[in-house]
1. Please report Rg (one decimal) and Dmax (integer) in Å for the Cα set of the range 274-315.
2. Distance between the C-alpha centers of the range 410-476 and the range 257-323? Whole Å please.
3. Looking at the range 224-480, send over the antiparallel percent of its DSSP beta bridges, to the nearest 5.
4. Can you tell me the 0 to 90 degree angle between the C-alpha axis of helix 6-21 and the longest principal axis of the chain, rounded to 10?
5. Lys/Arg Cβ at +1, Asp/Glu Cβ at -1, dipole of the chain taken about the Cα centre: which of Ile332, Thr367, Val96 is farthest positive-ward?
6. On a 0 to 90 degree scale, rounded to 10, what angle separates helix 194-217 from the longest Cα axis of the chain?
7. Based only on other Cβ atoms within 10 Å, what is the fewest-to-most ordering of Leu6, Leu61, Leu434, Leu213?
8. Fewest Cβ neighbours within 10 Å first, please rank Ser134, Ser58, Ser444 accordingly.
Amino acid sequence: MGPLRLAPAVFLAIVAGFVFDAAFPDIGIWLLSPVGVALSLVGLRGRRPGGAFLVGLSFGLAFYLVHIQWATLFLGDVPWLALSTLESLFVAAGAVAIALAYRWVPSVWPTRLGRTLLLPIVVAGIWTAREGISAVWPYGGFSWGRVAMSQAESPIRELFPWLGIAGVGFVVVFLAAAVVALLDEAWTLPTQLAHERWTLVSSGGAHLLAVALIACIIPAWQTTEAGTARIGAVQGNTNSGYFQKRQYQGEILDGHVAATLPILEDGLDLIVWPEGAADLDPTRSASARQIVRAITRAADAPLVLGTITERGDDIYNSSMLWPVDGNEPAAIYDKRHPVPFGEYVPDREFWEPFAPDLIGLIGREYTPGSNSPVFDTGKFLLGVDICFDIVDDALLRETVLDGAQVVVAQTNNADFGATDESVQQLAIARIRALELGRSVVSISTVSASAIIGPDGVTRQQLPDFTPGALVDDVPLRDGITPAARAGGQIEWLLGGFGLLMVLAAGVLTRRRRG
């Protein structure tokens with residue numbers, strides 16, 4: 001199977017991007033993830049760096065322009081195009097490295113095992129490294145759309161507590177790359193060796209199938225049962241968007257109070273409101289403080305709520321734990337990584353001249369927090385993350401390493417309407433439940449609110465754009481999964497191996513030519 005010409009390779013990459021997106025919610029056909037990856041790899045075989053960059057860019061744009069189309073509802077087309085292009089440039093850079101691996105690795109390790117096993121491992125490692133780098137850089141990175149995030153429903157989901165998001169993504173890409181390598185190896189055999197070609201395909205396919213089956217039947221790591229907590233999670237369904245008009249200040253707070261009233265006598269251990277549920281900060285508003293105190297007193301349970309806090313000249317996107325009938329919060333977590341160009345503008349002086357009207361819309365500049373994301377409710381330890389914190393590997397690991405027995409994911413996705421953003425985020429929350437071995441209470445102001453068990457299964461879910469509350473005896477867990485214990489070392493190991501191997505192959509290839 002010789003290299004494709006550039007034009008067909010670019011076309012195939014565009015098709016691959018669309019196929020890859022269909023693996024994620026809302027379509028959510030998980031099997032299309034390795035198919036999309038494999039199609040993109042076919043176009044990179046035998047490609048020189050310039051052509052590989054174009055193929056990778058085409059794949060990235062076809063994927064991201066569709067996958068994060070929801071960004072247009074918040075700030076319009078320019079940020080959507082800019083973010084999609086930036087992420088596609090990362091994909092293009094990774095594609096160049098993968099194309100070099102296809103050229104160099106087989107020349108240094110020319111055996112069949114080198115071409116059909118080592119090469120797919122290197123390709124998967126490079127893909128993992130590229131995802132890892134783009135997840136943290138620049139401005140904290142953008143983790144959305146990693147391969148593993150399409151696998152919340154797949155048979156290999158039980159690998160998440162063992163390998164984490166980076167490791168599961170590596171497995172998916174490895175299987176896709178191995179299929180491409182196997183077919184390529186069989187195709188290069190002379191036609192008169194048809195029997196050997198069939199033997200190679202059948203035996204190689206059997207080995208890959210065995211690997212896939214093993215990945216599917218590995219049981220999830222079992223964390224230790226630690227009882228239950230009766231938690232009420234409230235979706236107010238209010239006009240909570242950044243740019244939505246409200247009739248009065250406090251409208252969002254009133255909506256969440258109204259949705260909470262029916263569950264006040266349900267014997268709760270904790271009430272959870274979403275990000276921004278209190279548009280009046282109870283630490284600064286006497287009326288909001290009275291309301292919050294009344295809610296906790298009536299339920300005889302503490303309340304976790306999201307609000308905007310100000311301390312000195314700094315503004316924070318905060319979550320606070322309000323004790324029963326308390327006058328002040330018992331704990332506050334300030335969002336660690338505000339969203340660049342959404343919750344703040346990095347290097348505003350540099351970017352504003354390019355789009356002054358657009359940058360001017362983002363008037364509030366959130367300050368990154370530094371306090372603990374774990375609350376002691378008096379009965380159990382609660383890990384807290386706010387909105388896009390859900391894609392922050394290190395932060396989620398920190399919550400369980402610091403003792404959190406259940407995780408709350410607060411979000412306000414009102415700005416994204418009925419787009420795929422909310423269901424994509426909920427799928428990530430399900431993956432986090434598996435990865436960490438913890439129940440996850442994912443609560444939104446408007447949509448995709450659910451309680452997920454530590455097995456990643458949705459226990460309860462509210463209808464979208466409907467006020468209501470979920471009440472459940474949520475399983476608590478102790479213990480640390482291997483993925484949480486290993487942390488970023490899995491990503492460093494897999495990604496580092498891929499990059500080091502392609503660099504080593506490049507050096508050895510040059511020496512041989514010299």
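1. Reported Rg and Dmax, both Å: 11.0, 35.
2. Between the Cα centre of the range 410-476 and that of the range 257-323, the gap is 19 Å.
3. Close to 65 percent.
4. So the helix axis and the longest Cα principal axis differ by about 30 degrees.
5. Toward the positive end, the furthest listed residue is Val96.
6. Helix 194-217 sits roughly 20 degrees off the main axis of the chain.
7. Ranking Leu6, Leu61, Leu434, Leu213 by Cβ neighbours within 10 Å, fewest first, gives Leu213, Leu6, Leu61, Leu434.
8. Ser134, Ser58, Ser444
Where a number appears in this text, it was derived from the coordinates with a stated rule and is not lab data. As the structure is a computational prediction, the values presented were derived from the model and not from experiment. FYI the Cβ positions are ideal-geometry reconstructions off the backbone, even for glycines, and counts take in every protein chain you see.
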